[in-house]
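Shown next, in structure tokens, is the structure this report addresses.
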Amino acid sequence: MLATSNHQGTRAHNKPLVATENLKKHFTIEESLLTKYLAGAKNRVVRAVDGVSIEILSGETLGLVGESGCGKSTLGRAIVGLYEPTEGNVHFQGKPLWGQGSIPKTALRRQAQIIFQNPYSSLNPRHTVRQIIGVALAARGVGPQDREAETIGLLRRVGLGEDHIDRYPHQFSGGQRQRIGVARALATNPKFIVADEPLSSLDVSVQAQIINLLQELQEEYGLTYLFITHDLRVAYHMSHRVAVMYLGQVVESADTDMLYENPLHPYTQALLSAIPSVDASHRANRILLEGTVPTPIDPPKGCRFHPRCRHRMPICEQEEPNLVPVQTPARTGVAKKHLVRCHLHIG
Ligand code: SF4
């Protein structure tokens, strides 16, 4: 059973803990010398993240959704400093991660943690739980004499027991391994956690337990999450706000209720219509996307979504729309911020 949905609370008055400013992360694919010589080919560039400006407010969960390959995980890793940006910057508590006046990386590692998709490959198979969590505790400055008690406390908090401390990752189920990943993330006493598809390798019943655990920990420790998922039902339960990514860019973001009740971007509308439902009328209204996802090596000109969009207009193939605010009345009667990147909504 899922805990109360996170989107019902509001964090509108909280300050941003994390912000990205026109963040770009491109990867260069080196062509072989032979291909360059014979075909005159140049190195190709994958535009994994291509100009993302978002804010994550203190104490909130921002859900980041989109199809596989849209750049969600690259954005998450760049936000915690695992990738140096090609352009733009990330700010954590107002300080840049890169360049002049940047936050020291050791301080960032303590305050910003990541929970990975595959709990098995993210845990060292040759280390016991004591060693895995001990490394994170040492990074926080916890002395060797105090680490056992701290580790046991963390294991209990994530639903494991004292007797698990000297076991190896292969001796746990997938759900238990993800709990170890959560305990390791908590060990540095972070303010911010990127959860990168933390449920996708787990059974549905275990997914619900991990969602509940993450929500409880958020309340208890005042954590801020960037929750990356391709599952819009999970994003709905976890998130105060949701941002939708397509080909390296955010195409829409809003408070969760607002986005799910009134999606404005045709891509968001298609994603939401594809949520499995027992309701026959919902299934009949499913929007089928045309074509396949274009490559981020050579994204379409104009609006990147235009080859698959059933509303495309001549301008869509020529001009790239900006992400602009659209004022939408929320249920409370207060106008709230809803951002969308689509010519249909640019006045
Ligand atoms: Fe569709 Fe045009 Fe909007 Fe792009 S800008 S989503 S092609 S209507």
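The values are calculated or read from the model by the stated rules, or taken from the named source; none is laboratory data. Since the structure is predicted, the reported quantities are computational estimates derived from the model, not experimental observations. Note that we place each Cβ from the backbone using ideal geometry, even for glycine, and neighbour counts take in every protein chain shown. Accessible surface areas use protein heavy atoms only, side chains included; no ligands, DNA or RNA. Shrake-Rupley method; radii C 1.70, N 1.55, O 1.52, S 1.80 Å.
Data for the structure
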quantity: Condition broken by Pro263, with the remaining ones in (1) within 16 Å of the ligand (Cβ to nearest atom); (2) over 23 Å from Leu75 (Cβ atoms) satisfied; calculated: (2)
quantity: Verdict on Gln145 being under 24 Å from the mean Cα position of the chain (by Cα), of a type outside the set (A, V, I, L, M, F, W, C) and not in a loop (DSSP other than H, G, I, E, B); calculated: no
quantity: Selection within region 80-117 - of a type in the set (A, V, I, L, M) and out of contact with any Lys or Arg (no Cβ under 8 Å at 6 or more places or on another chain); calculated: Val80, Leu82, Val90, Leu97, Ala107, Leu108, Ile115
quantity: Residue in region 253-260 that is part of a loop (DSSP other than H, G, I, E, B) and either over 30 Å from Gly88 (Cα atoms) or not aromatic (Phe, Trp, Tyr) (or both) present; calculated: no
quantity: Helices (runs of 4 or more DSSP H) lying entirely in region 154-242 (those with 3 or more residues that are open to solvent by 60 Å² or more (accessible area, probe 1.4 Å) and closer than 27 Å to Pro276 by Cα); calculated: 204-221
quantity: Residue tally, condition loosely packed, with under 13 Cβ neighbours inside 10 Å and modelled with pLDDT under 85, over region 287-329; calculated: 6
quantity: Given (1) in contact with a Gly (Cβ under 7 Å, 6 or more places away or on another chain); (2) modelled with pLDDT of 95 or more, number of the condition Ser201 does not satisfy; calculated: (2)
quantity: Which numbered condition Ser277 fails, given (1) in a loop (DSSP other than H, G, I, E, B); (2) more than 19 Å from the chain's Cα centre (by Cα); (3) touching a residue at least 24 places away in the same chain (Cβ under 8 Å); calculated: (3)
quantity: Candidate set from region 48-95 (those that are open to solvent by 20 Å² or more (accessible area, probe 1.4 Å), modelled with pLDDT of 95 or more and of a type in the set (D, E, K, R)); member that is nearest to Pro263 (Cα to Cα); calculated: Glu55
